[in-house]
Amino acid sequence: MDYSDLIHNLLEGNTRAAARLITLIENDIDIAEKIIHAIYKETGNAYILGITGAPGSGKSTFISTLTKTLVSQGKKIGIICVDPTSPLTGGALLGDRIRMKENFSLKNVFIRSMANRGQLGGLSRATEDTIKILDAYGCDVIIVETVGVGQSEVDIFKSAHTVIVLMVPGMGDDIQAIKAGIMEITDIFVVNKMDLPGADKKVADITQMLEMNMNFKYKSEKGAQEYAKIAQWTPEIVKFNSKTGENLNKLLGIIEKHKKFLEDTGINASYQINRIKNETFQILKHKLTRKVQQLLSSNSTIEEYLKLVMDKSLDPYSMANLIIKLLGMD
Amino acid sequence: MNDKKKIKVLVCKPGLDGHDRGAKVLARALRDAGMEVIYTGLHQTPDDIVNTVIQEDPDAVMLSILSGAHNALCPVIMEKLKENGIDDVLVSVGGIIPDEDIPFLEKHGLKGFYGPGTELKTIVDFVKNNLKR
């Protein structure tokens, strides 16, 4: 089926059309460009929740519990689960659906698994565009689950309105491990598996860590506008049990509070601008990289430059400058 | 960034059968062959499976059944896929499938029927060579 027919069906809420379009976007960036061009006006209505945390912290189960409640409020939910691609074989095992076995109906919940295909940052190249597809498809809330994070998988911060980080009691090292990256982008900390011993200590650890972060906050208030969101919002901490749903209402209240904060302070608008800037930058990077690769593989002048660098009569920086000239971009 | 088309496969355990070692070994083998494999876990109803196929848009569905319920489950799954206009997905069933049941399952559009002892490479090649798109 042609993608223009699929777009027509997507806007009428057809599930299969949404799924096919996501496949096209994943596999071909040139078609992705045309699809986004056609649907862009229909996007921007969904609230985007980013869920991140260490492997095994309970992200999928958490999302399942949260989704069940949101659906009962009459909302249509889109879920994107990103898992890692093997750097050796290019294959991937996507297992997030295993823990999302609530009997969600096709009408209210759309779940899509994605491999990150080697992209660093916790998301895949196609994630941002997939959010747009689900937005145009009519989802009220889109939940994005990143790959299990280590230290610097912070791209979700650029795509989501509210970032929730899951932590579990007893993993003493994880605060240590994530203090530089994740800690700074989190809006809500969820201490998941609160029935395990050590939940209160974990809350205390995070509180302490946040207090130490005041220094960072002070600096960012003065400068970078893109950090306004983190500078003015003090992250909330909530203990949670994904299996029983204990503290669910409290959590929903905090999400609502953060949403209202973004609207009331006007941060939402400036945040959107940053999001568009970042996205455009990524697209430019991709397009320019491709252009450079094409040039490098086709232009015979490059061979001459290479010889000059081999003879030490040119250095790699100068060669790069000459290539920029060839591209007409100096 | 890799934009090359990847083969996407759904590995499913339909019905009440609770043994998924085979499904996991298969999922791992397909992963190692460079495919993107979704495993949905145990106890999937035909509706669960069809819903997953609609949302994930895989190129192939590999059903693993050891319980003997294949003649009951497979035709229902195929029927529901057809109802949803899905006719370009390779659907295969394996596990414990007696030879005398194969013609019946083939009539419903299923393929494969690989059982214990099959070399994983055979199944990987089967997927690669039988895709419908």
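Bear in mind that the values in this text are calculations on the coordinates, not laboratory data. Since this is a predicted model, take the numbers as computed values, not measurements. No Cβ is skipped: glycine too gets one built from the backbone with ideal geometry, and neighbour counts run over all protein chains shown.
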Report task. Enumerate the amide H contacts of B:Ile38 below 5 Å, restricted to partners 5 or more residues apart or on another chain; note that Pro and chain-start residues carry no placed amide H. Result -> A:Leu94, B:Val9, B:Leu10, B:Val11
Report summary line: Partner shielding of B:20-33, taken as the mean number of other chain Cβ atoms within 10 Å, equals 2
Query raised in the report: Say we join alpha carbon atoms closer than 10 Å with springs in a Gaussian network model of chain A; which of A:Lys250, A:Lys76, A:Lys59 then has the biggest fluctuation?
Result: A:Lys250
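For A:Thr15, A:Thr244, what ranking results if the residue with the fewest other Cβ atoms within 10 Å of its Cβ goes first?
A:Thr244, A:Thr15
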Report task. Assuming a ≥ b ≥ c are the square roots of the Cα gyration tensor eigenvalues, decide whether the protein assembly as shown counts as rounded (a/c under 1.5), prolate (otherwise, with a/b larger than b/c) or oblate. Result -> oblate
Query raised in the report: How many Cβ atoms of partner chains, on average, are near each residue of B:35-48 if near means within 10 Å of its Cβ?
Result: 5
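How high is the relative contact order of chain B? Use alpha-carbon pairs under 8 Å, at least six apart in sequence, and give a whole percent. Intermediate values should be presented prior to the final figure.
Numbers: 213 pairs, mean separation 33.6, N = 133.
Dividing the mean separation by the residue count of chain B yields 25 percent.
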Query raised in the report: Where a ≥ b ≥ c are the square roots of the eigenvalues of the C-alpha gyration tensor, would you call chain B rounded, which needs a/c under 1.5, or, failing that, prolate if a/b is larger than b/c, or oblate?
Result: rounded
Query raised in the report: Mind listing the Cα extents of the range A:29-121 along all three principal axes, in Å, largest one first?
Result: 41, 38, 21
Query - Choice from A:Gln294, A:Gln232, A:Gln73 showing the highest fluctuation, given a GNM over chain A with Cα pairs closer than 10 Å - result: A:Gln294
Query raised in the report: Ranking A:Thr130, A:Thr89, A:Thr52, A:Thr43 by Cβ neighbours within 10 Å, fewest first, what do you get?
Result: A:Thr89, A:Thr43, A:Thr130, A:Thr52
Report summary line: Rounded to a whole number, the mean other protein chain Cβ count within 10 angstrom for residues of A:106-113 is 4
**Report entry** Under 5 Å, built H, 5+ apart or other chain: amide partners of A:Ile48
**Finding:** A:Ile142, A:His161, A:Thr162
Query - Most mobile of B:Val76, B:Val37, B:Val61 in a GNM of chain B (Cα contacts under 10 Å) - result: B:Val76
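Calculate, in nm to one decimal, what A:Phe281 and A:Ser318 gain on full extension: separation in residues at 0.36 nm each, minus their alpha carbon distance.
10.8 nm
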Query raised in the report: Placing +1 at every Lys and Arg Cβ and -1 at every Asp and Glu Cβ, with all other atoms neutral, what dipole size does chain A have around its Cα centre, in debye to the nearest 20?
Result: 420 debye
Requested in this report: Taking chain A as the reference, fit the longest principal axis to its C-alpha atoms, fit the long axis of helix A:316-326 to the helix C-alpha atoms, and give the angle between the two in degrees, 0 to 90, nearest 10.
Outcome: 80 degrees
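List the residue ranges in chain B for DSSP H helices whose C-alpha atoms run 18 angstrom or more along the long axis and whose Kyte-Doolittle average is 0.5 or above.
Both cut-offs are met by no helix.
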Report task. Within 10 Å of each residue's Cβ, count the other Cβ atoms and sort B:Arg21, A:Arg97 from fewest upward. Result -> B:Arg21, A:Arg97
